[in-house]
Amino acid sequence: MAAEPETTPLNRRRGADPWYVRYLLVGLTLGIVGLLVLVPLVNVFSQALANGVGAYVRNLFADPDTRHAVFLTLMVAPVAVALNVVFGVAAAWAIARFRFPGRAVLVTLIDLPFSVSPVVAGLLFVLLFGGQTAVGAWLRDHGYQVIFAPPALVLATAFVTFPFVARELIPVLEAVGPEEELAARSLGASGWQLFWKITVPNIKWGLLYGVILCNARAMGEFGAVYVVSGRIEGQTDTMPLRVQKLWEGSDNPAAFALASVLTLLALVTLVLKVLIEPKVRADKEPAAKAG
Amino acid sequence: MWGRVLLRFAAVYVAAAAVWVAFAGFARNEQLLNVACDPTRELWRDVNAAFADYYERQHGVRPFVRQSHGGSGSQARSVIDGLPADVISLALWTDTDAVRKSGLLDAGWETRYPNRSLPYTSTIVFVVRKGNPKGVRDWADLARPDVEVITPSPKTSGNGKWSFLAMWGSVVWRGGTDAEARAFVTAAYRRVPVLDAAARGATMTFAQKNIGDVHLTWENEAHLEVKESGGALEIVYPPVSVLAEPHVAVVDANVRRKNTAAVADAYVEFLYTKEAQELIARHYHRPTDPAVFARHRGLFPELRLERATTLVRSGTWDDVQKTFFAEGAIFDQIQAAGR
């Protein structure tokens, strides 16, 4: 029943626009996508494989600093994502279920990392934990290093990727509504049971979608991580930092080999995103689900 | 159910990663960290390996040396902000001294090691297209209207600062006045089509994008650039240039806290040994040991090298910084006049 009003105007438009407008627009779109997306994408892989598959594998696995960069990214990104799942679910829950003073401010604050430059985000942590500050000096004197060490990489990554989970969950939680939760509560469910048995099943696709986006961004994050990493080779270089370092050292095939891994990751993310999208949309439209 | 197994696995994995990250924060006092500027990456990799062997032979323990690279100024900033460097090897005296001003370096760092704490020096030379089609031989050629010059910004790059000082000095050291120097440098910067922020960007502009006729850069970087070009580029030595002085210093406050003073000291002392000086020469840095330098005479064509501090009356680096590169100082005035 929803299909009809959607297709009719589309058909009418198709006839109304002159052919050259259609061809021009389609051509322009394809041209831009080709130039900005397809050509660089193909270029990354062709440069990475320029010296053959053997050299490609060697570039990825022979250098201990490159291996460590891959390892570090696989450690840092999941922890940052996990932090954001906890904070994101809590924030989305609070915003969708309660009306409280400062709620509008909170909604705005969640989006802050989107509008703050990642470099500034990194500097925030340097200003907080740097050697010139009281907190930083205290930690240093007690033998713990936050800045220029993996903990800061996690903090900076988590800050930059914070909005992904919360942003994804707020509309899902609002669409689902509190009715099922209220019913469970009236039947005597504890808070914990309510969360795991009612809320989580309702939001799981939205949550997964947020986690995937969040993870992709976390693994690719450069600016904030660059500022807080201290660029110590084989110790605080994540994959994107290592790509830049290899490129600056004029080791282009190795830089592109590592870049191709990041690109593959992006492509996998894209496929997962396409697979999950319909389920998320169904969650956001409870009426359609009921009908 | 597969979903449940996958979820369990993810939970265990994330928990393990979290524990690893938390433990990775504990200070790594057992290793040395050399925080250096960009153009010395290959040099330090070789020197660090050689030092590990050298120290193991003498003490029976193998030290572990890490290196960090970035722009000279931002590296100084990171050390001040708490990057646990034991040794700093930065491009400019002002950057090293900024670390002293923050209290991490003891006063008198410059006289602690031989040759005013300079294990090697370098200079700024020209890289031109094969066959030098524009006939660039001397600094005056940079102001010719048919010559395009590639050099990074002196505001953000150590390379850019040394290049600026070399241009200015090329007039003053040969008897010119400050006014003549200013006129020449202004004309030369008008010939710069793209003022990149960092040295590597300038190299890309010149070598890969094929923009410009002459590229001003460190002597060692020039050799790398020419080697990589596969014969498309060549080096031209001007008759006079600046004596670039990248000091190496021990970060006293950090080595005291980390208990690495003895190893850090051994590391810096090692740089002045014949073995390290040989490595330095092979990476096209000019070793300060006269015997080693004499042996590699062939690598380093003779040219007149002058210290940058002779360009200001007081002869201090603070004055060089204030006169040329501070906000609203000569470089800013030249840029404003060029627009």
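Observations
- Antiparallel DSSP beta bridges within the protein assembly as shown, percent to nearest 5: 55 percent
- Convex hull of Cα atoms in the range B:263-335, direction-averaged projection (nm²): 7.8 nm²
- Semi-axis lengths, largest first, of the ellipsoid equivalent to the range A:165-291 are 42, 17, 9 Å, with √(5λ) applied to each eigenvalue of the Cα gyration tensor.
- C-alpha center-to-center spacing [the range A:162-185, the range B:167-225] in angstrom: 60 Å
- Per-pair calculated FRET efficiency, R0 = 35 Å: A:ALA50 and B:ARG144 via Cβ, rounded to 0.05: 0.35
- The alpha carbon convex hull volume per residue for the range A:51-290 rounds to 157 Å³.
- What the Kirkwood sum gives for the protein assembly as shown is a hydrodynamic radius of 28.0 Å, with every pair of different alpha carbons counted.
- Net charge of the neighbourhood of B:ASP265, taken over other residues with C-beta under 14 Å away and scored Lys/Arg +1, Asp/Glu -1, is -1.
- Anchor B:LYS161: lysines whose Cα lies under 27 Å away (excluding residues fewer than 8 positions away in-chain): A:LYS245, B:LYS101, B:LYS130, B:LYS134, B:LYS209, B:LYS227, B:LYS322
- Take each peptide in B:6-12, B:162-168, B:44-50, count the other Cβ atoms within 10 Å of every residue, and average; sorted highest first, the result is B:162-168, B:44-50, B:6-12.
- Other residues within the sphere of radius under 15 Å centred on the Cβ of B:PRO152, judged by their own Cβ, net out at -1 (K and R +1, D and E -1).
- Ellipsoid equivalent to the range B:103-212 - semi-axes via the Cα gyration tensor, in Å: 29, 19, 14
- Cα shape, the range A:67-135, gyration tensor, a/c 1.5 rule: oblate
- FRET efficiency for B:ASN259 and B:VAL19, using Cβ-Cβ distance with R0 set to 22 Å, rounded to 0.05: 0.25
- Cross-link reach list, aspartates and glutamates versus A:LYS284, counting only Cα pairs under 17 Å and skipping chain neighbours closer than eight places: A:GLU168, A:GLU174, A:GLU179, A:GLU180, A:GLU181
- FRET efficiency estimate (nearest 0.05) - Cβ-Cβ, B:ARG62 to A:ASP141, R0 30 angstrom: 0.55
- For A:GLY191, neighbours were defined as the other residues whose beta-carbon sits under 15 Å from its Cβ, and their charges (Lys and Arg +1, Asp and Glu -1) total +1.
- Cα convex hull volume per residue for the range B:163-231 (Å³): 98 Å³
- Rounded if a/c under 1.5, otherwise prolate or oblate - the range A:1-154, Cα gyration tensor axes: oblate
Read the figures in this text as sums done on the coordinates, not as results from a lab. Predicted model, so just to flag it, every value in this text is computed and none were measured. Backbone-built Cβ (ideal geometry, glycine too); neighbour counts: all protein chains shown.
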